[in-house]
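Have a look at the structure below, then the notes.
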Amino acid sequence: MVNTLGALPIIYVTLLCYPSTRSAALLTYTGLSSYAIYCAITASSNVTRLRSFAWQAFFRFLFFYLRWVGLGTGHPSSLRNYLVMDSLALLGGMINISRIPERWKPGKFDYWFNSHQIMHVLVVLSITYLHWGVVSDLLWVTTHVCPGD
């Protein structure tokens, strides 16, 4: 949920100088996220649960792309933090559905260092990178002036 809703400030800052587009994008992302969470909660398997976030991830990467090509705004270092955030979250999800390392040594990782625990550690690291990116962006917003203002 934190990674999902953590994209709201990313979208807001990326489209800071385009208020109408920003409002539409935030509304679209909120609806897409609500549907993704519903699909994840009702998923019948871990693979389906991970797949339910695919469209939401593509939507976020659109904003990363806008920043990368210079069409969006934001602190220059925050984009790297957001890419690391999503990479860690995706890696955690893939480790969880692949059941590594317990697949390789059944019974050895029942209590410690199993895929579910590794996934949670990676998600916490992911949230840390999200925090660093959002803080950079919010501090940047306080001094940024949009062209034409």
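The values are calculated or read from the model by the stated rules, or taken from the named source; none is laboratory data. Since the structure is predicted, the reported quantities are computational estimates derived from the model, not experimental observations. With ideal geometry, Cβ positions are generated from the backbone for all residues, glycine too; neighbour counts draw on all protein chains shown. Heads up: the accessible areas ignore ligands, DNA and RNA and are worked out on the full protein's heavy atoms, side chains in. Shrake-Rupley method; radii C 1.70, N 1.55, O 1.52, S 1.80 Å.
Does segment 40-74 hold any residues that are hydrophobic (A, V, I, L, M, F, W, C), open to solvent by 30 Å² or more (accessible area, probe 1.4 Å) and assigned to a helix (DSSP H, G or I), and which are they? Correct list: ILE41, VAL47, LEU50, ALA54, TRP55, PHE58, PHE59, PHE61, LEU62, LEU66, TRP68. May I ask you to list the residues in segment 92-149 that are loosely packed, with under 14 Cβ neighbours inside 10 Å, β-branched (Val, Ile, Thr) and assigned to a loop (DSSP other than H, G, I, E, B)? Passing the criteria: THR142, THR143, VAL145. Does segment 12-31 contain at least one residue that is exposed (fewer than 12 other Cβ atoms within 10 Å of the Cβ), part of a helix (DSSP H, G or I) and within 11 Å of the chain's Cα centre (by Cα)? No, that holds for no residue.
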